[in-house]
Amino acid sequence: MAEMITPTSRCIEEVISGNIKVVGKHAIGKDVTLNLVIRNMTTKSKVITAEIKASSIIYTRQEINEIYKETRKIQLRGCEEKEEPLTITYDQYDGLLTSDNAIEVTFLCSYEPVVGTLIFQTNVVLDNPKFEIKIKEPVQMNKPAEAEVVFTNPLNQVVSDIVVTAEGSGLLRDPITVKGGSVKPNETINIPLTITPYKFGQRHLLVDLTTNRFQNAKGYIEVEVQKPAEKNSASSSSSI
């Protein structure tokens, strides 16, 4: 998360100052909560105009979808500091995020008759839902082994179009993709995977889970691959 404060005029900094505070941790399905901490740097009362905008962005910070837009008037007494809360609900950003799960929030603050604006800006990156990877049996080189991805839907709506992609050096020669269907809120789905390791030792099974509600949730598990069991050759004895 990065925060930027940019004045368009040095005069504006003599009137107001501030910063953005992100409240708590943020994840897909949860509301995003922030506070603009705004300070009156003079002894006279002020009415600050704050133009608020939130957009989904990609890693280059290019704006993709507008999520939120509002203009507020903030009244400040002389030398007063105030926290102006902002909540962006899940319903407001649902379906508008990119695969980067990033929301850029901007406050453009101004005060007449002072010329210029003060821009407060921050990026909030939302965590994807978690899932579990289980190995269901001892893993042996050159022998198929069963694994599964266990996902419990934390959202308040059905998650569908579930696709799991798995890969891992020494575990899978090529990535495999398995479709998982859909899962209702608070319910759990188990998605089976079959791996056939071709190298022994400690390996990592990497899993990507994508749905209609979020993309590229990542997880991994360490897998200990045993050497193939040696075959005991039947020995025959003969007397001379």
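What order do LEU118, LEU206 take when sorted by accessible area (1.4 Å probe), most exposed first? Don't skip to the answer; put the middle values down first.
Details: LEU118 5, LEU206 80 Å².
So the residues, ranked largest to smallest area, are LEU206, LEU118.
In debye, nearest 20: dipole of the stretch 120-240 around its Cα centre with unit charges on the Cβ of K, R (+) and D, E (-)?
Around 180 debye, computed over the stretch 120-240.
Evaluated at 10 °C with a viscosity of 1.306 mPa s, what Stokes-Einstein diffusion coefficient in µm²/s does the stretch 109-240 have when Rh comes from the Kirkwood expression over alpha-carbon pairs?
Roughly 87 µm²/s, to the nearest whole number.
Please list MET141, MET4 from largest to smallest accessible area, probe radius 1.4 Å, with all protein chains kept in place. Walk me through the numbers on the way to the answer.
Working: MET141 40, MET4 75 Å².
Output order, biggest surface exposure first: MET4, MET141.
Run the numbers on the chain and let me know its relative contact order in percent, using alpha-carbon pairs under 8 Å that are six or more apart.
Normalised by residue count, the contact order of the chain is 18 percent.
Just by accessible area at a 1.4 angstrom probe, what is the order of LYS21, LYS69 from largest to smallest?
LYS69, LYS21
For ARG72, tell me the accessible area in Å² from a 1.4 Å probe, rounded to the nearest 10.
That residue has around 40 Å² of solvent-accessible surface.
For LYS136 and ALA27, what is the calculated FRET efficiency with R₀ set at 45 Å and r taken between the beta-carbons, to the nearest 0.05?
On the way: r = 28 Å, r/R0 = 0.63.
That pair, LYS136 with ALA27, gives E of 0.95.
Provide, for q = 0.10, 0.11, 0.14 Å⁻¹, the log10 of I(q)/I(0) from a solvent-free Debye sum over equal Cα point scatterers in the chain.
-0.65, -0.72, -0.92
How much of the accessible area of the chain, in percent, comes from carbon and sulfur atoms when a 1.4 Å probe is used?
Using a 1.4 Å probe with all protein chains present, the chain comes out at 47 percent carbon and sulfur.
In whole Hz and in residue order, list the ³J(HN,Hα) couplings for the stretch 85-94 that follow from phi through the Karplus curve 6.51 cos²θ - 1.76 cosθ + 1.60, θ = phi - 60°; x for Gly and Pro.
Working through the residues one at a time gives x, 9, 10, 9, 7, 4, 4, 6, 9, 4 Hz.
Using a Cα-Cα cut-off of under 21 Å, which lysines could be cross-linked to LYS53, ignoring same-chain neighbours fewer than 8 residues away?
Within the straight-line cut-off, LYS53 pairs with LYS21, LYS25, LYS30, LYS69, LYS73, LYS82.
Can you compute the FRET efficiency between LYS184 and LEU96 using 1/(1 + (r/R0)^6), with r the Cβ-Cβ distance and R0 = 25 Å? Round to the nearest 0.05.
The value I calculate is 0.60.
How large is the dipole of the stretch 156-217 about the Cα centre if only Lys and Arg carry +1 and Asp and Glu carry -1, each at its Cβ, rounded to the nearest 20 debye?
120
In Å and on Cα atoms, what radius of gyration and Dmax does the stretch 19-114 show?
Considering the stretch 19-114 through its Cα atoms, Rg and Dmax are 15.1, 46 Å.
About the Cα centre of the chain, what is the dipole size in debye to 20, counting +1 per Lys and Arg Cβ and -1 per Asp and Glu Cβ, all else neutral?
With Lys and Arg at +1 and Asp and Glu at -1, about 280 debye.
Take the Cβ-Cβ distance between ILE5 and GLU80 as r, set R0 to 25 Å, and report the resulting FRET efficiency rounded to the nearest 0.05.
0.85
Residues of the chain: accessible area per residue at 1.4 Å, in Å²?
Heavy-atom accessible area per residue stands at 57 Å².
The values are calculated or read from the model by the stated rules, or taken from the named source; none is laboratory data. Keep in mind it's a predicted model, so treat the numbers as computed, not measured. Virtual Cβ from ideal backbone geometry, glycine too; neighbours counted across all protein chains shown. Note: accessible area is taken over every heavy atom of the protein model, side chains too, but ligands, DNA and RNA are not part of it. Shrake-Rupley method; radii C 1.70, N 1.55, O 1.52, S 1.80 Å.
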